[in-house]
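Colleague: One structure is given below, represented as structure tokens, and several questions about it will come after.
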Amino acid sequence: MTIEAIQEELIDEFSIFEDWMQRYEYMIDLGKSLPLIDDDLKNDDKLIKGCQSKVWLNSELKDGKIIFTADSDAIITKGIIAILVRVFSNQKPQEILDANTDFIDEIGLKEHLSPTRANGLVSMIKQMKMYALAYQTQINN
Amino acid sequence: MSFNIQKIREDFPILSRKVNGYPLVYLDNAATSQKPQQVIDSIVDYYSNYNANIHRGVHTLSQEATDAYESARQKIKTHFNAKEVYEIIFTAGTTHGINLVANGFSDILKKDDEILVSAMEHHSNIVPWQMLCDRTGADLKVIPMNEEGTLIMEEYAKLLSERTKLVFVNHISNALGTINPIEEIIQKAHEVGAAVLIDGAQSCSHIKPDFQKLDVDFYVTSAHKMCGPTGVGILFMKEEWGNKLPPYQGGGEMIAEVTFEKTTYAGLPHKFEAGTPNICGGIAFGAAIDYLNAIGFEAIEQHENELLEYATEKLLEIDGLKIYGTGHKTSVVSFNIEGIHPYDIGTIVDKLGIAVRTGHHCAQPIMDFYKIPGTVRASFAFYNTMEEVDALVNAVKKAKYMLS
């Protein structure tokens, strides 16, 4: 599935919720279903700065696509990560670099996009794009 | 004024707004207090009617502004019962005052001298002393605290020696709400000849310290925690220290050479007030002190203690909820629920219109002590109500239900 198609799918899923509480409950469920990552990947190198909760993000390149795995000690943050991993994992680096993130607004999580928000959604997206850039550079060379 | 909570709330325009569709429940008073109309009016009045630079002009506006600014200083002096009005130095806030003192001690401290700080300090209270120790070769020692968040006074007594030059403790801990026994701390420090600086950022909205009775050497606080504006505070400094410490920022001494008759301010407090000060802020700080005194600190303390007691009782009914800081304290409840990250709780209760603080509250050493990433902190002011405590408790219950 393309990034855009996955984003459309998420917008569709979130559109059935009538209020923020249902959206958050769904996000919490997504957080709980995020595959666990190995404890040895939860080290300071993988830690994303700028989050009030801890967020670890790991990436590897497999068959030209980036596989993201991640975790957090806070469940709402984990839900946000789950959404990002679903959108950006298993995609080609260039596609990740080209993708926009307007869908965040459309699924009603706009408040998490503010750069002053301490949950680091912005930092997470930035980190994912940084990895994509690094891998893309590697591929080009 | 008798304590009429509804009437008091009407003084605060912000308290009638809605957040995320719910009535605002503002429980982040330890971060900053809200402002009553009287303080807001004093700001508007200053800029609308007599804005001018102070201490310099012979013209009427300048005289009016100078009088208002200096009368605010006088109000602050009376409020805290300082001996002399020039012992009150206007600053940009608590952190500025601390740095001013730390800088002044650069010339006084020698290698192997010691500074004592408490284990429950805010970051802004640790870093300036570490920097001072780096500059002077002095050592920083920590007064430990126990599990209930109270300083261990026996350990404090053991740390004191003729090497101790300065003791630095907050009056009330921002993260835990603990009220420290500063009378005893000051008295013991003086016995070995050490000076004491007290951080009153958290205390002055709840209680009214008496500087002469405390016999404190330095005391700092911020207006914005006391219903005043941000960017202004005071450093109280005993006259003898004021004469001993060098100016902090360049300009003070030079100003003495300027030949405006009437206005040579090389002495206290101007020695430490280089540049055009926050005139409006100082005046509004005075208005905030008037406002608080009109309500009365006894009434404030009583109401806040009732809020604290009720909140503590109701929150502890929630399964798995633990409160940090259980000693003698003010109206701050710092808590966690087992298995739930404080950030998650803060996010959900915010969606319900409730403003609390989550995180390490700039006091990481305390969080390390309890081995937790942070807490949820609800801090109450005199304008909060029992109904707002109920709203908090219900929101926390809802958050717990959603998150577990």
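Each reported figure results from applying straightforward, stated rules to the coordinates on display, with no laboratory input. Not measured: the values here are computed from a predicted model. Here the Cβ is made from the backbone with ideal geometry for all residues, glycine too, and neighbour counts use every protein chain on show.
Colleague: What's the FRET efficiency of B:N394 with B:T230 using the Cβ-Cβ distance as r and R₀ = 35 Å, to the nearest 0.05? Please report the intermediate quantities before stating the final value.
Modeller: Details: r = 31 Å, r/R0 = 0.90.
Calculated transfer efficiency: 0.65.
Colleague: Which whole number gives the average count of other chain Cβ atoms within 10 Å of the Cβ atoms across peptide B:344-354?
Modeller: 4
Colleague: With charges set only on the Cβ (+1 for Lys and Arg, -1 for Asp and Glu), what does the dipole of the protein assembly as shown come to about its Cα centre, in debye to the nearest 20?
Modeller: Around 580 debye, computed over the protein assembly as shown.
Colleague: For the peptides B:55-63, B:275-283, B:37-45, what is the packing order when you average, over each peptide's residues, the other Cβ atoms within 10 Å and list the highest mean first?
Modeller: In decreasing order of mean packing, B:55-63, B:275-283, B:37-45 become B:275-283, B:37-45, B:55-63.
Colleague: Tell me, how many Å apart are the Cα centres for segment A:1-74 and for segment B:192-241?
Modeller: Value for the Cα centre distance between the two parts: 47 Å.
Colleague: Further, regarding this structure: So how much slack lies between B:E317 and B:M153, counting 0.36 nm per residue of separation and subtracting their Cα-Cα distance, in nm?
Modeller: 55.8 nm
Colleague: What FRET efficiency comes out for B:D215 versus B:Q249 if R0 is 22 angstrom and r is the Cβ-Cβ distance? Round to the nearest 0.05.
Modeller: Here the calculated transfer efficiency is 0.20.
Colleague: Under a Cβ-Cβ cut-off of 9 Å, what is the net charge of the residues other than B:G286 that fall near it, where Lys and Arg count +1 and Asp and Glu count -1?
Modeller: Within the 9 Å Cβ shell, the charges total +1.
Colleague: Further question: What average count of beta carbons from other chains do you get within 10 Å of the Cβ of residues in B:97-105?
Modeller: The shielding value for this peptide is 0.
Colleague: Please compute the Cα-Cα pair-distance distribution of the protein assembly as shown with 20 Å bins starting at 0, giving whole percents from short to long.
Modeller: The percentages, shortest bin first, are 19, 45, 30, 6, 0.
Colleague: Beyond 17 Å, what percent of the Cα pairs of segment B:134-246 remain?
Modeller: So the portion of pairs separated by more than 17 Å is 58 percent.
Colleague: Shifting gears a bit: Straight-line reach from B:K110: which aspartates and glutamates have Cα under 15 Å away, leaving out those fewer than 8 places along the same chain?
Modeller: Within reach: B:D134, B:D139, B:E162.
Colleague: Further question on the same structure: Rank B:H190, B:T66, B:T347 by how far each Cα sits towards the positive end of the charge dipole of chain B (+1 on Lys, Arg Cβ; -1 on Asp, Glu Cβ) and give me just the farthest.
Modeller: With unit charges placed on the Cβ atoms, the residue in question is B:T347.
Colleague: Apply the Karplus parameterisation 6.51 cos²θ - 1.76 cosθ + 1.60, with θ equal to phi minus 60°, to every residue of segment B:84-91 and state each ³J(HN,Hα) to the nearest whole Hz, in sequence, with x for glycine and proline.
Modeller: 10, 5, 7, 7, 9, 10, 6, 10
Colleague: Could you give me the percent of Cα pairs per 20 Å distance bin for chain B, shortest bin first, beginning at zero and ending with the bin that holds the maximum distance?
Modeller: 27, 55, 18, 0
Colleague: By the scheme Lys and Arg +1, Asp and Glu -1, what is the net charge of all other residues having a beta-carbon under 12 Å from that of A:T101? Write down the numbers at each step before the final one.
Modeller: Working: positive: A:K110, A:K126, A:K129; negative: A:E4, A:D98, A:D102, A:D105, A:E106.
Once positives and negatives cancel, what remains is -2.
Colleague: Measure up B:K165/B:K188; A:K49/B:K141; B:K188/B:K271; A:K54/B:K397; B:K165/B:K329; B:K351/B:K398 against 20 Å on the Cα-Cα distance and list the ones that go over.
Modeller: Exceeds cut-off: A:K49/B:K141; B:K188/B:K271; A:K54/B:K397; B:K165/B:K329.
Colleague: At 25 °C and 0.890 mPa s, what whole-number value in µm²/s does Stokes-Einstein give for the translational diffusion of segment A:1-86, with Rh from the Kirkwood sum over Cα pairs?
Modeller: For the chosen part, D equals 175 µm²/s.
Colleague: Follow-up. For segment A:1-110, which GluC sites (Glu not before Pro) pass both filters: DSSP loop (anything but H, G, I, E, B) and at most 13 other C-beta atoms within 10 Å?
Modeller: Sparse-neighbourhood loop GluC sites (Glu not before Pro): A:E18.
Colleague: So, one more: When the chain is fully extended, how far beyond the present Cα-Cα distance does B:D107 get from B:T276, taking 0.36 nm per residue of separation?
Modeller: 58.2 nm is the gain from fully extending B:D107 to B:T276.
Colleague: Can you give the Rg to Rh ratio for segment B:20-169, taking only C-alpha atoms and Rh from Kirkwood?
Modeller: When Rh is taken as the Kirkwood radius, the ratio is 1.09.
Colleague: Evaluate Rg over Rh across segment A:10-141, taking Cα atoms for both radii and Kirkwood's formula for Rh.
Modeller: We get a ratio of 0.96 for segment A:10-141.
Colleague: Could I ask something else about it? Which ³J(HN,Hα) values in Hz, rounded to whole numbers, follow from the phi angles of segment B:374-389 under the Karplus curve 6.51 cos²θ - 1.76 cosθ + 1.60, where θ = phi - 60° and Gly and Pro get x?
Modeller: Couplings: x, 9, 9, 10, 9, 10, 9, 10, 4, 8, 7, 10, 4, 5, 5, 4 Hz.
Colleague: With n ≥ 4 as the cut-off for DSSP H runs, can you work out [θ] at 222 nm for chain B, using -39500 (n - 2.57) per run divided by the number of residues, rounded to the nearest 500?
Modeller: The helix contribution divided over chain B gives -12500 deg cm²/dmol.
Colleague: Tell me, what HN-Hα J-couplings in whole Hz come from the Karplus equation 6.51 cos²θ - 1.76 cosθ + 1.60 at θ = phi - 60° for each residue of segment B:310-325, using x for Gly and Pro?
Modeller: In residue order, the calculated couplings are 5, 5, 4, 4, 5, 5, 5, 6, 7, 4, x, 8, 10, 9, 9, x Hz.
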